[in-house]
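Coordinate-derived values only; no laboratory data. Small disclaimer: the values here were computed from a predicted structure and weren't measured. Every residue, glycine as well, gets a Cβ built from its backbone with ideal geometry; the counts of neighbours run over all protein chains shown.
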Amino acid sequence: MLSSKPMRVTALTMGALLIATGCGSGGDSGGKKSELRLYNDKGAWKPFFQQMGVLSKQQTGLGVTPVGYTDEPTYTAFIKTSFRTKVKPDLFTWSTGGRLKEIVDQKQVSDTSAIWAEGVKNGDLSPSLQKYYTVGGKQYCVPLNTAYWGMFYNKKIFAKYGLKPPTSWDGLIKIADTLKAKGQVPFHHTSPTSLFSFAWFEQILAGTDPDLYDRLSTGQASYTDPGVVAAMERWKSMIQAGYFNTPGDKADPADHFKSGKAAMVLNGTWFNTSMTQRGLKQGEDYGFFFVPNANPALPKTSLVFESGPLCSLRKAPDTAASTKFLNWWVTPAAQEKWANARGDVSGNPRVKVADPELDRVTKEAAKEERNRLVPRYFEAAPPPVLTEALSGFDGFLGKPDTYMKVLQDIQKVNAEYWKSHKAGS
């Protein structure tokens with residue numbers, strides 16, 4: 001979805017950004033509004049945001065104009081700069097976990113506790129999601145999207161070699177060995193740069209020891225813990241076995257997937273949108289399966305889960321208009337359009353997913369007796385730790401023998417962060 005080196009932006013870039021944004025702000029500095037600007041880091045989703053703007057105009061009188069970025073550091077820099085300038089977004093996308101807590105602690109985000117209370121009461125919002133939007137006992141933002149992480153696979157390649165989705169980790173590795181022997185790249189990394197370089201780390205660690213994964217994100221474990229080291233060594237062995245595309249490959253994983261250059265890609269269900277945009281059909285051209293645990297002794301399958309928030313500022317240009325839109329956004333009328341237009345799941349439990357394959361995935365994920373949800377690493381890790389980890393994992397892909405140095409560097413930042421924060425929170 002996005003490409004860039006995380007959390008880096010030059011002063012020159014910032015200056016150009018502010019000039020460009022200021023000149024095109026369309027009066028974002030104040031006043032009663034009938035047209036809202038929705039700033040987002042999902043530039044490829046522009047058509048879907050535009051469709052929602054049309055529907056919102058019809059149903060609430062509020063239109064929406066998306067302002068999309070495809071460079072994450074530039075987007076993050078703009079949002080944080082807007083806290084100190086008159087150029088403020090009406091609405092903006094963000095992430096939960098440490099990054100949400102960071103801007104809530106700065107008293108920048110609008111409290112949405114009333115929206116959540118009403119939404120949970122009438123069934124439009126799930127109590128299981130609520131904790132990811134709660135900071136200090138209050139809720140902030142509402143779900144933009146909900147996604148589960150698993151494996152997209154090319155059904156034609158699988159059929160060509162007589163392969164079926166695996167039911168065990170050993171089965172997954174056997175598939176990779178079979179494909180490699182045929183000259184086929186088994187897996188494509190989920191991003192041409194480091195933004196999603198965490199995907200295999202979280203999948204392997206959560207599928208080996210989910211309790212350790214949780215402790216790691218709350219400062220109760222070290223990145224040099226034997227269990228974390230073992231997860232990195234497993235990942236290292238997969239890279240050195242030649243299961244992945246060439247490190248530094250700048251191709252979009254969706255393009256490699258469509259061309260057949262890679263048979264599988266580990267990603268969130270939102271990646272389905274990239275497939276449909278390229279004319280591929282789920283169930284015909286590709287399928288999706290949850291990755292079996294690396295540790296078969298675990299009682300439940302570890303499912304990586306994410307929910308991206310849609311937020312408004314506490315001092316938004318028109319707080320009433322922004323709040324009105326967020327109230328509408330969580331309703332079935334809005335969410336049915338939003339989910340099915342993109343071919344994805346919804347944060348509203350009452351919304352029926354039109355795609356039968358995707359409906360199967362969501363129903364499977366909801367089986368609590370079989371699955372254990374774990375938060376995506378991007379949200380689970382504290383912001384400074386995430387920054388170091390993304391950079392470290394990115395370098396590790398090309399130099400897997402450096403895994404201990406990578407873990408030690410992350411742990412230095414991790415230890416420093418938890419010196420001034422309460423572990424376990």
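A few points about this structure:
- In this label model, residue 54 and residue 259 are separated by 3.3 nm, measuring between points 7 Å along each Cα→Cβ vector.
- Rounded to the nearest 20 debye, dipole of the range 202-274 from Cβ charges on Lys, Arg, Asp, Glu: 280
- Multiplying the residue separation of residue 70 and residue 178 by 0.36 nm and removing their Cα-Cα distance gives an extension gain of 35.3 nm.
- Entries in 88/352; 174/261; 315/419; 46/300; 88/324; 42/164 that, when Cα-Cα distance is taken, lie over 27 Å: 88/352; 315/419; 46/300; 42/164
- Which labelled figure in (i) 34, 25, 21; (ii) 138, 37, 17; (iii) 41, 28, 20 is semi-axes √(5λ) of the Cα gyration tensor in Å, once derived from the coordinates: (i)
- Global geometry of the range 350-411, whether rounded, prolate or oblate, following the gyration tensor of its Cα atoms and the 1.5 cut on a/c: prolate
- Gaussian network model of the chain, springs between alpha carbon atoms under 10 Å - residue of 215, 342, 84 with greatest fluctuation: 84
- Residues with amide H under 5 Å from that of residue 288, placed H, sequence gap 5 or more: 153
- Only Lys, Arg, Asp and Glu carry charge here, each on its Cβ (+1 for the first two, -1 for the last two); on that basis the range 299-342 has a dipole of about 80 debye about its Cα centre.
- For the chain, adding -39500 (n - 2.57) for each run of n ≥ 4 DSSP H residues and dividing by the number of residues yields -13500 deg cm²/dmol at 222 nm.
- The 3J(HN,Hα) values that the Karplus relation (6.51, -1.76, 1.60; θ = phi - 60°) gives for the range 57-63 are, in residue order, 4, 5, 9, 10, x, 10, x Hz. Gly and Pro appear as x.
- In nm, spacing of pseudo-spin labels at residue 246 and residue 401 (7 Å Cα→C-beta vector): 2.1
- Couplings 3J(HN,Hα) for the range 378-386, derived from phi with the Karplus relation 6.51 cos²θ - 1.76 cosθ + 1.60 (θ = phi - 60°), are 4, 8, 6, 7, x, x, x, 5, 4 Hz, where x marks Gly and Pro.
- Around residue 234: net Lys/Arg minus Asp/Glu count, Cβ-Cβ under 14 Å: -3
- Helix 113-122 vs. the chain, principal-axis angle (Cα, 0 to 90°, nearest 10): 70
- For the range 184-239 versus the range 45-96, the gap between their alpha-carbon centres in whole angstrom: 32
- Computing FRET efficiency as 1/(1 + (r/R0)^6) for residue 314 and residue 131, where r is the C-beta to C-beta distance and R0 is 30 Å, gives about 0.90.
- Residues residue 285 and residue 111, FRET efficiency given R0 of 45 Å [Cβ-Cβ distance, rounded to 0.05]: 0.55
- When the chain is treated as a Gaussian network with alpha carbon springs shorter than 10 Å, the biggest mean-square fluctuation among 332, 89, 349 belongs to 349.
- Choice from 127, 309, 66 with maximal GNM fluctuation in the chain (Cα, 10 Å cutoff): 127
- Computed magnitude of the charge dipole of the chain (debye, nearest 20; Cβ of K, R +1, Cβ of D, E -1): 560
- Of the residues 189, 231, 106, the one whose Cα sits farthest towards the positive end of the charge dipole of the chain is 106 (charges of +1 on Lys and Arg Cβ, -1 on Asp and Glu Cβ, taken about the Cα centre).
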